[in-house]
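What follows draws every value from the coordinates through simple rules; no lab data is involved. Computed from a prediction, not measured in an experiment: that's the story for all the values here. Counting neighbours? That spans all protein chains shown, and the Cβs are built from the backbone with ideal geometry, glycine included.
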Amino acid sequence: MKIVKFLSLLGWQLVLSSSAGAGDQYETEILAQGLDHPWSMAYISDTQMLVTELSGELKLITDGQLRPTPIEGVPEVLFAGQGGLSEVLLHPEFEENGFVYLSFSAPDTQEPALNSLNVVRARLKGDTLVEHKTIFKSDPPRKTAAHYGARLAFMADGSLLITSGDGFNYREKAQSLDNHFGKILRVNDDGSIPVDNPFANTPGALPEIWSYGHRNLQGLVIQDDGTVFEHEHGPKGGDELNIIVPGNNYGWPAITYGIDYSGATISPFTEKVGMEQPVKYWVPSIAPSSMALYQGDMFPSWNGDLFISAMVPGDLRRLELNGEKVADEEILFPELGRIRNIIIAPDGSLIIATDGKDGKLVRVFADN
Amino acid sequence: MIKGSVSFLVAVAIATVLLVTQTTASNIAWLSSMDMPIDTPMVASMLIGDLIGMNFKGEFPVAALIFVGMLIAFVVARIVLVWVDIDKRYLYALAGGAALFAIVGLMPLAFYNLDLIAGARSLLGKVYLICSGMIAGYYFGARQTEGSTDENR
């Protein structure tokens, strides 16, 4: 009852409901608020979490308390449009080596009017990032501040996947292998390039490319069996959930289920031999912003489900998988509005970050 | 007044059709370069679809954008004509070009350099669209000139 009063005072609704067909009861509580465009979260221990703010700060939350002073040593970012400090990801052996990976947009060192997507590895020592190493910088730089992608995920072999968006103005380049627009890249944890990448020996192709023909990829999860799920924003309609196979072409912008923001046809084609079809697509758009694979004890009936945060109109999607197909889709928490990020906490609860200047972290936990 | 209004609307229509056609053409050209099976009915269908889509299905109707841009530019041109003796056709052509420059050249600056009109992403595309505005403006100026003497052209 206390929690109900607390949340009501904050203008939030306590949600008590059951997931469709699952029978799980859950509650929500606000974990933190007043975050400036929270974008990504990562637990560094059972009680401590790092949160990136797009505006450029990396914050620490301990036992549900947001520390006002940011982590020091975060590289300077370009905070404009959709650009800024984006992903925070821990090395699989973080407890031993303390490596944290950050993705962010930054002005080009040669031409400051241009900018690029960067990925930096640094060691977290106390409250400071040290020993920075840039392990990826998108090429060529762009003049636009949009469509960076910027998601990161480690594969079981220790290599790192990086999503790099099409830069909005450069969509056709997603079909060429000589640039980083509209690609998933695969590098080793130190930025070197694995020799078994699909285009490692293709003349004219960048060896770090793992898949291509993407738009603005902001969701990336890897199942235990190695299956890589990715989602990307479509234009006006045509958001996609894909299963990524190395070397494959995902079609953008030659095939798409969406139209341009101007209302123009981007392509009248939705399929072509040699270009992959999405596992699922959304028309109209839901603006998928992140994805988590549920693997926890708190909600056993959700195990193996994908959770996708959506910004239009703003909710959380639970996708029940049947092999490589989506068997069911449930819409959760529409009252939260635009949701920027979803992760699974060590205890199995869901942590949701709402979008915007006054971003909130909301914890979804079992009611038992 | 009515003649002027009709001429203005026709000028807006000219610029709109040229802009939409260029966007459609640039998309078709790229799709063809990708060996996508584009045929004549598809071209016609895309063009008609874009004329409708870019005015009724997008985030902003391009005809309305051009209408506002040209209205401002032509009013300024009309004021300039009070003091400057210049051929109306050329002045309105300049005004039409300025209106399209504002739309395809300046508007992206407010949106983090995003070119929301796909055909305007290249320098060549921008130049073409500015020329489209000049053609529409020239038409409007020519209509204003009709019936007037050489002295006040």
**OP:** Of the numbered conditions (1) closer than 19 Å to B:Ile130 by Cβ; (2) surrounded by fewer than 18 Cβ atoms within 10 Å (Cβ to Cβ); (3) at the interface with another protein chain (Cβ under 8 Å from one of its Cβ atoms); (4) not aliphatic (A, V, I, L, M), B:Thr24 fails exactly one; give the number of that condition.
**Re:** (2)
Original post:
Regarding B:Ala77, is this residue away from chain A (no Cβ under 14 Å), more than 21 Å from B:Thr21 (Cβ to Cβ), touching a Leu at 6+ places or on another chain (Cβ under 6 Å) and buried (at least 20 other Cβ atoms within 10 Å of the Cβ)?
Top reply: yes
Original post:
Which of the following residues is at positive phi and within 14 Å of another protein chain (Cβ to nearest Cβ): A:Gly348, A:Gly274?
Top reply: A:Gly274
Original post:
Are there any pairs, at least 6 apart or on different chains, whose C-beta atoms fall under 8 Å, with the first in region B:24-42 and touching a residue at least 24 places away in the same chain (Cβ under 8 Å) and the second surrounded by fewer than 17 Cβ atoms within 10 Å (Cβ to Cβ), and if so, which?
Top reply: B:Thr24/B:Val43; B:Ser26/B:Ser122
Original post:
So how many residues does region A:148-165 have that are part of a loop (DSSP other than H, G, I, E, B) and touching a Leu at 6+ places or on another chain (Cβ under 9 Å)?
Top reply: 3
Original post:
For region A:183-240, which fully contained strands (runs of 3 or more DSSP E) count at least 1 residues that are over 18 Å from the mean Cα position of the chain (by Cα)?
Top reply: A:209-212
**OP:** Using the structure shown, decide if A:Val100 is assigned to a strand (DSSP E or B), touching a Leu at 6+ places or on another chain (Cβ under 9 Å) and crowded, with 24+ Cβ neighbours inside 10 Å.
**Re:** no
Original post:
Does region A:128-145 contain any residue that is farther than 12 Å from A:Leu185 by Cα and touching a helix residue (DSSP H, G or I) at 6+ places or on another chain (Cβ under 7 Å)?
Top reply: no
**OP:** Please name all residue pairs, on different chains or six or more residues apart, with Cβ atoms under 8 Å, provided the first residue is in region A:76-90 and is more than 14 Å from chain B (Cβ to nearest Cβ) and the second residue is charged (D, E, K, R).
**Re:** A:Leu85/A:Glu53; A:Leu85/A:Glu57; A:Ser86/A:Arg151; A:Glu87/A:Arg151
Subject >> Unique residue being at the interface with chain A (Cβ under 9 Å from one of its Cβ atoms) and either in a helix (DSSP H, G or I) or of a type outside the set (Phe, Trp, Tyr) (or both) when the list is B:Gly49, B:Gly69 >> reply: B:Gly49
Subject >> Criterion violated by A:Ala254 - all others in (1) crowded, with 21+ Cβ neighbours inside 10 Å; (2) among the small types (Gly, Ala, Ser); (3) out of contact with any Leu (no Cβ under 8 Å at 6 or more places or on another chain) satisfied >> reply: (3)
Original post:
Looking at (1) buried (at least 18 other Cβ atoms within 10 Å of the Cβ); (2) in a helix (DSSP H, G or I), which is the only condition B:Ile38 fails?
Top reply: (2)
Subject >> Residue satisfying condition, being in contact with a Ser or Thr (Cβ under 9 Å, 6 or more places away or on another chain), aliphatic (A, V, I, L, M) and part of a helix (DSSP H, G or I), within set B:Leu109, B:Leu81, B:Leu100, B:Leu114 >> reply: B:Leu100
